[in-house]
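A short write-up of the structure that comes next.
FYI, it's all coordinate maths here, none of it is from the lab. Keep in mind that what you see is a predicted model, and the values were worked out from it rather than measured. Cβ placement follows ideal geometry from the backbone for every residue including glycine, while neighbour counts extend to all protein chains displayed.
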């Protein structure tokens, strides 16, 4: 079943074509990877999907609903949530309070205090932050703040989570733990992920399929094994 359908999306900023006729389909329950060097258009594509910027041409359809003209908060309430490469916790609030905000304002329906508290507890347990629930979010390590980003997405009730560089800056042990967490979340919560990641080994290990962008154009779209053998991809990355 197709959950996210991107049809011929292009984005122009003045004379710069940041995305050029990008099409892809993400299936429910899939982990879908986006690769590309800096400036390839990955984050621009994320921003178009999440409603932060409109496409110049093309269409984004999520769970059968066209997203044209919808604000990011409305898209989030439909079940599509993104994280950011630069983590953005509410630093003056506790870890649990960060999740409470996501639960109360990121969901399509109103929640009672009891329902919100249960969602917060579940999200904390899911990412391994239960023992830090009372800590100020700004005092978490980078790894902890990356996990908080994921937990906030879970608290909104997201079906599809777009992760932007969730493993950037983590050491190899933390990367391994993050991989385990994402695999478990997919299985236990029936989540779908679209992942932008420069830790290529992790992306290759985790993804079911990968799309490679270069200067806004799709140059390869296949399984990780095929992407690893693709000469055009190797040329883009290594010259």
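Below, the figures for the structure above:
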item: Ranking of 46, 238, 90 by count of other Cβ atoms within 10 Å, fewest first; result: 238, 90, 46
item: Using alpha-carbon coordinates, inclination of helix 113-127 to the longest axis of the chain, degrees; result: 50
item: Taking the stretch 88-155 and dividing mean pair separation by its residue count, relative contact order in percent (alpha carbons under 8 Å, at least six apart); result: 50
item: Förster radius 45 Å - calculated FRET efficiency between residue 142 and residue 113, Cβ distance, rounded to 0.05; result: 0.90
item: Rounded tilt (10° steps) of 95-105 against the dominant C-alpha axis of the chain; result: 70
item: Degrees between helix 172-189 axis and first principal axis of the chain (Cα, 0 to 90, nearest 10); result: 80
item: Fluctuation leader among 154, 111, 45 - the chain, Gaussian network, Cα springs under 10 angstrom; result: 111
item: Listed peptides 30-37, 124-131 by packing density, highest first (mean Cβ within 10 Å); result: 30-37, 124-131
item: For the chain, built as a Gaussian network whose Cα springs stay under 10 Å, the top-fluctuating residue of 197, 226, 97; result: 226
item: Shape category assigned to the stretch 88-155 from the gyration tensor of Cα positions, a/c cut at 1.5; result: prolate
item: Residue exposure sequence - 184, 109 - by fewest surrounding Cβ within 10 Å; result: 109, 184
item: Potential extension, residue 180-residue 229 segment - 0.36 nm per residue separation minus Cα distance; result: 15.1 nm
item: Over the chain: helical MRE at 222 nm, DSSP H runs n ≥ 4 each giving -39500 (n - 2.57), nearest 500; result: -12000 deg cm²/dmol
item: Among beta bridges that DSSP assigns inside the chain, antiparallel share in %, nearest 5; result: 55
item: Order by protection proxy (mean Cβ within 10 Å, highest first), peptides 66-75, 214-223; result: 214-223, 66-75
item: Likely footprinting exposure, 61, 87, 161, fewest C-beta neighbours within 10 Å first; result: 61, 87, 161
